[in-house]
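Scroll down for the structure; my scribbles are underneath it.
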Amino acid sequence: MGFSPFPFSQAPLPISFNHSLVLVVDADSSSFYRIAMASTSGEVQQKGKEQVGQDKEQSARTSDKITKPKRKWYPADDEPRKRVHRKKVQKPTKLRASITPGTVLILLSGRFRGRRVIFLKQLASGLLLVTGPYSLNGVPMRRVNQRYVIATRTKVDIQSVEIPAVDDDWFKKNKKKPKTEEMTDTGKTKLPETFIKAQQSLDSQLVPLVKEVPFLKSYLCSRFSLSYGQFPHEMRF
Amino acid sequence: MVFKRFVEVGRVVLVTYGEHRGKLGVIVDVVDQNRVLVDGPQTGLPRHTINFKSLALTPFQVKIQHGSRTGVVRKALEEKKLMEQWKSTLWYKKLCSRENRRKLGDFERFKLMIAKKKKAAMVNGQVKKLKSHS
């Protein structure tokens, strides 16, 4: 319901008819009107035509003080308003503070759920580029949403690692262009040679770094799981 | 069975539940069948009444009169070197180790798991040896 800016007694124009009804038109915005029918049992009927004129003046004065009507008439139909079109700008996804290059993450969904992987960098789409490394636990370079990841406190120093220039387009499956992808006997498409090479060069850099830290290799090779009495919301990672 | 620890004035207690969990204090007064007035000036346990369902009685005791003020309680505790005594108990050490385990990260938990496995293998190996000898 509309909200009247003035109390009912100050309503702009009580137009009196010969009928026992009064039509009160009360506008609170240019596009919304409230029409109320009120019975003229009491005061209004007693007022003569002169009084109505006085009332008009009074109400005009009071309403002047409160709100100045923009127009003297109200449009019968709703006027189409111009809509303000706001440009949708996608903000870059904020990387969780606990995730920095080299952080060991636990994947929570997908084929590799439970795997511990190393975070490499954030891509333009906001997804995280991670890898197992592939030669250790079989997780290739992959994009994951940071929602489906637990960040651990463990970090591998990967400053010296040259991360291949991978962007989101790498991971788009190009169905129209199977020139580089050959069909194998099993019906699966082969990975492009560039991807395999990039993975190999990445692994050759990452694996020695992992091996430097005792137990880290077997840690990355193992899968995360919860056992009895372990509650993830109470655990620290 | 003979009880050795009683709810009594001067009994050193450990708070096991609530906001002040893990703090050590002394019973200063027994309010009623359920509650006691405790005070722990050394551990930051404020002087307040507490239901003794949320207390654990320790074997320690200090000599104070009921209703003793905080200063008197502190003196009595310091005289007996109670904090040192408490920290040498197995009970305290267990609490500490439990806390330390809780703080472990994922990688540390993994390393702990490996260490536990190693220990178990060693123990089991010895047990096997002894069994075969007998």
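The values are calculated or read from the model by the stated rules, or taken from the named source; none is laboratory data. Predicted model only: the values in this text are computed from it and were never measured. Backbone-built Cβ (ideal geometry, glycine too); neighbour counts: all protein chains shown. With ligands, DNA and RNA removed, areas are computed over all heavy atoms of the protein, side chains included. Shrake-Rupley method; radii C 1.70, N 1.55, O 1.52, S 1.80 Å.
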> Over the heavy atoms of A:TRP73, what accessible area does a 1.4 Å probe trace out, to the nearest 10 Å²?
Replying inline: 140
>> Over the Cα atoms of the range B:87-134, what radius of gyration and what Dmax do you get, in Å?
In response: 15.5, 43
>> So for the range B:1-116, considering every pair of alpha-carbon atoms, how many percent are separated by more than 20 Å?
In response: 45
>> Let me cross-check A:ILE196: its accessible surface, 1.4 Å probe, with only protein heavy atoms counted, in Å² to the nearest 10?
In response: 60
> Taking the simple approach of a point 7 Å from Cα along Cα-to-Cβ for both B:LEU130 and A:PHE231, what is their distance in nm?
Replying inline: 3.8
> To the nearest 0.05, how large is the calculated FRET efficiency for A:GLN90 and A:GLN159 if R₀ is 22 Å and r is the Cβ-Cβ distance?
Replying inline: 0.15
> Which one of B:LEU45, B:LEU37, B:LEU95 has the biggest mean-square fluctuation once chain B is modelled by GNM with Cα springs under 10 Å?
Replying inline: B:LEU95
> Tell me, which residues of the range A:216-237 get at least 50 Å² less accessible area when the other protein chains come in, versus the chain alone (1.4 Å probe)?
Replying inline: A:TYR219, A:ARG236
> Given a 1.4 Å probe and every protein chain left where it sits, what share in percent of the accessible area of the range B:11-103 is carbon and sulfur?
Replying inline: 49
>> I'd like the accessible area for A:HIS233: 1.4 Å probe, protein heavy atoms, all chains in place, Å² to the nearest 10.
In response: 150
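Given 20 °C and 1.002 mPa s, compute D for the range B:1-45 with the Stokes-Einstein relation, Rh being the Kirkwood radius over Cα pairs; round to the nearest whole µm²/s. List each step's numbers first, then the result.
Details: Rh = 11.1 Å.
Answer from the Stokes-Einstein relation: 193 µm²/s.
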> Nearest 10 degrees, 0 to 90: what angle lies between the long axis of helix B:90-103 and the longest principal axis of chain B (Cα atoms)?
Replying inline: 70
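For peptide B:107-114, how many partner chain Cβ atoms fall within 10 Å of a residue's Cβ, on average?
If you average over the peptide's residues, the count of other-chain Cβ atoms is 6.
For the interface of A with B, what's the total buried accessible surface in square angstrom, probe 1.4 angstrom, rounded to the nearest hundred?
1100
By how many nm would the segment from B:GLN33 to B:TYR17 grow when fully extended, if each residue of separation counts as 0.36 nm and the alpha-carbon distance is taken off? List each step's numbers first, then the result.
Values: separation 16, 0.36 × 16 = 5.76 nm, distance 1.85 nm.
Taking 0.36 nm per residue and subtracting the Cα distance, the gain is 3.9 nm.
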>> For A:LYS217, B:LYS75, give me the order by solvent-accessible area with a 1.4 Å probe, most accessible first, ignoring ligands, DNA and RNA.
In response: B:LYS75, A:LYS217
